[in-house]
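Peer 1: Take a look at the following structure, please.
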Amino acid sequence: MKQNPELKNAFRWKAETLPAKYKTGSVSYYQALEVALIGGLMFGAATFFLQEAFFAVSVLHWVMATIFGMLAIYIQLLIYKRTLQ
């Protein structure tokens, strides 16, 4: 753009005016959310079935599987956010 000033109008953003990378309404955020939800669900299910293989099934196993699944979702979204910032 320094060599050809006419090109300034062709570009919407400059390096100083770029929008934020981490936006919760963007398509990439929804893709990361979908991956995190599926990963958390699978991790929770794996936790449940691993406990079922070694112990008798109880309500505690369901609670632990749910907590570990939600923790996996949170950690994945946290990693996504920190990667962009």
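The values are calculated or read from the model by the stated rules, or taken from the named source; none is laboratory data. Model, not experiment: these values are computed from the prediction. With ideal geometry, Cβ positions are generated from the backbone for all residues, glycine too; neighbour counts draw on all protein chains shown. When the accessible area is computed, the model is the full protein with side chains, heavy atoms only, and any ligands, DNA or RNA have been set aside. Shrake-Rupley method; radii C 1.70, N 1.55, O 1.52, S 1.80 Å.
Peer 1: Consider Ala56 carefully, then state whether it is hydrophobic (A, V, I, L, M, F, W, C), open to solvent by 80 Å² or more (accessible area, probe 1.4 Å) and part of a loop (DSSP other than H, G, I, E, B). Before you say what the answer is, go through the steps one by one.
Peer 2: On the way: hydrophobic (A, V, I, L, M, F, W, C): yes; open to solvent by 80 Å² or more (accessible area, probe 1.4 Å): yes; part of a loop (DSSP other than H, G, I, E, B): yes.
It is true that Ala56 is hydrophobic (A, V, I, L, M, F, W, C), open to solvent by 80 Å² or more (accessible area, probe 1.4 Å) and part of a loop (DSSP other than H, G, I, E, B).
Peer 1: Out of all the residues in region 63-85, which are out of contact with any helix residue (DSSP H, G or I) (no Cβ under 7 Å at 6 or more places or on another chain) and either among the hydrophobic types (A, V, I, L, M, F, W, C) or farther than 30 Å from Thr24 by Cα (or both)? Quick ask: steps written out before the conclusion?
Peer 2: Let us first name the residues in region 63-85 that are out of contact with any helix residue (DSSP H, G or I) (no Cβ under 7 Å at 6 or more places or on another chain), namely 63, 67, 71, 74-75, 78-79, 81-85.
Correct list: Val63, Ile67, Leu71, Ile75, Leu78, Ile79, Leu84.
Peer 1: Could you tell me which of the residues Leu7, Leu18 is surrounded by fewer than 10 Cβ atoms within 10 Å (Cβ to Cβ) and over 30 Å from Val63 (Cβ atoms)?
Peer 2: Numbers: Leu7 fails: surrounded by fewer than 10 Cβ atoms within 10 Å (Cβ to Cβ).
Of the residues listed, the single one that is surrounded by fewer than 10 Cβ atoms within 10 Å (Cβ to Cβ) and over 30 Å from Val63 (Cβ atoms) is Leu18.
Peer 1: Could you identify the single residue in Gln51, Gln31 that is assigned to a helix (DSSP H, G or I), among the polar types (S, T, N, Q) and open to solvent by 90 Å² or more (accessible area, probe 1.4 Å)? So that I can check it myself, show each step before the final result.
Peer 2: Numbers: Gln51 fails: open to solvent by 90 Å² or more (accessible area, probe 1.4 Å).
So the residue among Gln51, Gln31 that is assigned to a helix (DSSP H, G or I), among the polar types (S, T, N, Q) and open to solvent by 90 Å² or more (accessible area, probe 1.4 Å) is Gln31.
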